[in-house]
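Each remark here refers to the structure printed beneath this line.
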Amino acid sequence: MRNTLLIVAGAALLSAGFSPLRAADKPKHTIEEIMEQGFKGKQSPAARVGKGEATKADFKLLAELTHDLPLNTPEMGDAKSWKTKATALAAAGKALAEGKPGALELWKEAANCKACHTDHKPEKK
């Protein structure tokens, strides 16, 4: 019985991707880099997802970039709001890359640029 519990606990950690350990990670990409590489422009990977033209490489890149988003700190706004929105986008990016059912709908809901920019991006002066 004890061995079964240990196996189940180990499997749960593996399936969760060691989330508690990853939270302490330093991001490889800044918010600016993530936006520039993944979201800026009408031909960006994120735009191609929205148009139904994205490739597996686009999905993989967005998953990598959005993974780093909640590890960053925005220039303004509530930290809890940022964490909620950025984590949802990261989960949607991961779902796209893994080809999970409903991933596109999840992405479209989470990739609400205006909602995030209104709360966390200062206006240009």
*Just checking, how many residues over region 42-62 are surrounded by 19 or more Cβ atoms within 10 Å (Cβ to Cβ) and closer than 18 Å to LYS85 by Cβ?*
3
*Give the residue, chosen from PRO27, PRO101, that is within 15 Å of the chain's Cα centre (by Cα) and not charged (D, E, K, R).*
PRO27
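Conditions tested, residue by residue: (1) in a helix (DSSP H, G or I); (2) at pLDDT 95 or above.
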{"residue": "THR4", "(1), (2)": "yes, no"}
{"residue": "GLY17", "(1), (2)": "no, no"}
{"residue": "PRO20", "(1), (2)": "yes, no"}
{"residue": "LYS26", "(1), (2)": "no, no"}
{"residue": "LYS40", "(1), (2)": "no, yes"}
{"residue": "GLY50", "(1), (2)": "yes, no"}
{"residue": "LEU65", "(1), (2)": "yes, yes"}
{"residue": "ALA88", "(1), (2)": "yes, yes"}
{"residue": "LEU96", "(1), (2)": "yes, yes"}
*Single condition THR118 does not satisfy, out of (1) at pLDDT below 95; (2) buried (at least 19 other Cβ atoms within 10 Å of the Cβ)*: (2)
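The values are calculated or read from the model by the stated rules, or taken from the named source; none is laboratory data. No experiment lies behind these values; they were computed from the predicted model shown. Positions of Cβ are backbone-derived with ideal geometry, glycine not excepted, and every protein chain shown enters the neighbour counts.
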